[in-house]
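The values are calculated or read from the model by the stated rules, or taken from the named source; none is laboratory data. Treat the numbers as computed from the prediction; the structure is a model and nothing was measured. Every residue, glycine as well, gets a Cβ built from its backbone with ideal geometry; the counts of neighbours run over all protein chains shown. Protein only, heavy atoms only, side chains kept; ligands, DNA and RNA dropped before computing areas. Shrake-Rupley method; radii C 1.70, N 1.55, O 1.52, S 1.80 Å.
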Amino acid sequence: SQITTLINHKDKPKRSDKTLQAIQRVGQAVNLAVGRFVTVGEAIANENRELKEEMSIACIEARRAGETIAQLTDVASLDHPESDSHITIFTDKTGVVKAARLLLSSVTKVLVLADRIVIKQIITSRNKVLATMEQLEKVSSFQEFVQIFSQFGNEMVEFAHLTGDRQNDLKDEKKKARMAASRAVLEKCTMMLLTASKTCLRHPDCESARINKDGVFHRMRLALEQVIEIVTDSRPNGENEMAPISIYSGIREFKNKVEGLRENLYFLSKENLSTMLEVILEHTEDFTDSAYTSHEHREHILELSKQAKMELEQLVSVWMQAQNQKTKDLMEDLEVAILKTCQCMNELKREVHNAATSLAADLLKYHTDHMVLKALKITGVEGNLEAVAEYTCKLSEQKEQLVEMCRLLRHVSGTEPLEITCIHAEDTFQVTGPQIISAAETLALHPSSKIAKENLEVFCEAWESQLSDMSMLLREINDVFEGRRGEKRVYLSLPRPGKHNANLKALKPVKLDTEEQAKIAKLGLELHLLTSSVDSETEKWEDQENEIVQHGQGMSSMAYSMYLFTRGEGLLKTTQDLFHQAEIFATEGTKVASALHAFSHQVHDDDKPLLLLEAEKLTSMCKQLQITAKASVQGKSATFTKVDACILKTRNVMTLLCQLLPLCCKLLRKNKAGNGCLKPAPPWREDRIRTSTNAHAPERRAETFGIKSLENHVTNMTFLESK
């Protein structure tokens with residue numbers, strides 16, 4: 001921007017002092033900016049020996065060009081620059097142009113080299129993960145597995161950070177969606193790898209356990225490879241990526257060509273148009289041949305396909321005549337033919353959209369109770385192999401229905417990122433179905449195995465999670481079709497503006513800028529680590545139905561959303577969203593305090609006074625947070641101060657929660673050992689309701705690669721080893 005100002009300045013005979021000073025300021029600003037930029041480049045060069053020479057040369061060139069521009073614009077002290085021996089921008093404008101070109105080229109070189117270093121870091125991180133995965137596959141002892149998995153967990157966390165930053169930097173929405181899909185696979189598979197490997201170690205002679213584990217490792221390797229393909233913009237063996245063509249994209253391209261005839265009658269052949277329509281109609285066979293398309297939709301699609309052929313024939317006829325003779329009547333007939341053809345294609349588009357979305361809505365509603373998964377868990381624990389075989393057949397049927405649903409939704413998704421999300425969902429159902437079956441078979445063969453039970457639970461949760469994601473995807477597809485893309489959705493636990501808070505009407509939602517995000521990044525990271533600690537503590541509780549545990553998990557989920565906000569990610573998009581979340585978080589904390597008071601009446605222990613004291617402290621801190629979140633502020637500076645205060649107070653509450661959870665867990669165990677009257681933990685948790693946690697589950701899946709849940713498992717390795 002500054003260089004453009006210099007190059008484009010007009011050479012006027014009279015130059016005021018103001019003009020001379022302005023030119024000098026611009027030149028100095030360019031030189032200072034280059035100096036700061038080059039300092040970073042040189043630091044990168046010192047840390048990366050293999051590119052140090054290239055980077056250093058580019059930095060020297062940039063610095064030299066910046067200094068040249070500063071010298072040529074040093075004109076403020078010259079009363080008559082043209083008569084002075086000193087060369088300036090006025091006597092040598094060509095010199096400024098040359099310096100500017102050198103500067104832009106060297107700056108670009110530095111950026112490209114820095115980007116190569118980032119790519120290398122990701123590849124190196126992937127290679128470390130792959131090497132550790134190979135070790136994990138070969139381990140034969142439980143203790144060795146625990147040690148290697150701890151290392152693997154740390155490497156995956158590093159890989160998650162690197163790829164997350166890269167995903168945010170990607171400008172291509174298609175690549176961004178592919179990266180998000182690959183990282184989602186890695187997140188879920190990391191948890192599966194843990195339980196599948198443990199099951200295999202516990203039951204080394206079990207074939208179904210081995211198949212289950214091999215499937216996880218294979219899928220993780222594919223996902224890691226795809227990340228590298230996206231980062232390096234390459235395909236293995238030089239293959240070109242063949243993007244699947246959807247009905248929507250085909251219709252869009254076809255209509256563009258048809259409407260282009262208004263401007264140019266000769267830019268394409270009639271054979272081209274006919275071929276394009278044939279491809280579209282071939283894809284509609286995915287709907288008409290599907291066993292899940294209703295008779296009514298099938299008939300409408302066939303009728304519209306037939307009509308589309310007739311409209312194109314009429315269009316081609318008029319078009320050919322217009323090429324030979326451009327009369328007014330013929331051009332009017334051509335316009336009518338174009339409109340009728342496009343209208344027919346719009347109707348076809350709406351019909352396939354309705355067919356796909358109505359099927360998806362029906363299937364998601366039908367499978368929302370997860371009856372087959374529950375039955376597999378129960379029959380597996382009973383060791384009933386016949387019943388497990390019966391329900392695995394039902395799960396296979398369900399998988400085929402959901403895979404078909406994803407294929408049809410891909411045709412009507414409307415955007416390339418949503419198409420990729422549909423393909424990812426199809427792959428997930430295709431792979432997870434057989435993995436659930438092998439996990440259920442393992443449990444049926446070893447019904448008393450706790451680890452086999454846990455393993456089946458993990459795979460079932462992945463299936464349920466994908467079904468939940470499909471509901472969100474369906475809403476997005478409908479939004480695109482209806483032209484609502486980009487509207488802010490009212491999310492789950494977020495109160496609607498103006499409904500719960502009288503102060504909201506006067507406030508405008510504000511987003512944090514980059515500088516403000518940087519300031520609260522450290523605070524956000526502390527919050528992130530605390531959520532990992534809280535989750536780790538809640539997992540130690542035998543009774544997951546306990547009110548303290550449920551509210552604690554809800555608070556952890558909300559605190560995690562606030563951490564994502566500090567990174568500019570997640571569902572909390574504006575400061576107002578953050579303040580709403582802080583209020584709900586404080587309310588949840590008050591509920592924990594109430595549960596602690598109730599619990600204190602049941603225990604007879606020396607720690608009881610301490611428990612009550614901590615509960616009072618929690619109540620006080622939550623009230624302070626609520627007051628801060630509800631306080632009305634005006635102006636950017638005041639808003640940022642409020643954001644900072646809310647996150648700081650949330651961090652303090654989470655710190656206290658980290659101390660309270662182990663204390664309560666210890667008291668529960670003492671009480672249980674003393675009188676044995678506590679309720680035993682239920683064998684399965686399928687009926688558990690986690691309002692707050694579920695409210696934010698889609699956010700965690702969509703917006704982050706499970707650094708949080710992964711760190712929990714790494715932390716828990718010590719407990720695993722002791723078992």
Practice task
Assuming a ≥ b ≥ c are the square roots of the Cα gyration tensor eigenvalues, decide whether the stretch 514-672 counts as rounded (a/c under 1.5), prolate (otherwise, with a/b larger than b/c) or oblate.
Solution key: prolate
Problem - Candidates per trypsin sites (Lys or Arg not before Pro) in the stretch 115-168, loop by DSSP, up to 12 other Cβ within 10 Å - result: none
Exercise for the section: Just subtract the alpha-carbon distance of Ser358 and Arg36 from 0.36 nm times their residue separation and send over the number in nm, one decimal. Expected result: 110.2 nm
Problem - Surface per residue (accessible, 1.4 Å probe) for the stretch 247-360, Å² - result: 54 Å²
Practice task
Of the listed pairs Lys617/Lys642; Lys608/Lys672; Lys52/Lys176, which have alpha-carbon separations greater than 24 Å here?
Solution key: Lys52/Lys176
Handout entry: Pairs of lysine residues in the stretch 247-360 - Cα separation under 12 Å, sequence separation of 8 or more or cross-chain
Key = 4
Problem - Per-residue HN-Hα couplings for the stretch 312-321 [Karplus 6.51, -1.76, 1.60; θ = phi - 60°; Hz; x = Gly/Pro] - result: 5, 4, 5, 4, 4, 4, 5, 4, 4, 5
Fill in the blank from the handout: Protection proxy (average C-beta count within 10 Å per residue), highest first, orders 275-286, 653-664 as 653-664, 275-286
Exercise for the section: Of the listed pairs Lys213/Lys450; Lys98/Lys120; Lys399/Lys453; Lys377/Lys666; Lys522/Lys636; Lys374/Lys399, which have alpha-carbon separations greater than 24 Å here? Expected result: Lys98/Lys120; Lys377/Lys666
Completion exercise
Rounded to whole angstrom, the alpha-carbon centroid of the stretch 394-427 lies from that of the stretch 571-623 at a distance of 42 Å
Fill in the blank from the handout: Applied in sequence order to the stretch 262-270, the curve 6.51 cos²θ - 1.76 cosθ + 1.60 (Karplus, θ = phi - 60°) yields integer Hz couplings, x standing for Gly and Pro, of 5, 8, 8, 7, 10, 7, 8, 9, 5
Completion exercise
Expressed in nanometres to one decimal, the distance between label points 7 Å along Cα→Cβ at Gln544 and Ala389 is 3.1 nm
Exercise for the section: Run the quick spin-label model on Gln325 and Glu616: label points 7 Å from Cα toward the beta carbon, then report their separation in nm to one decimal. Expected result: 10.1 nm
Completion exercise
So, over other residues within a Cβ distance under 12 Å of Glu397, counting Lys, Arg +1 and Asp, Glu -1, the net charge is -1
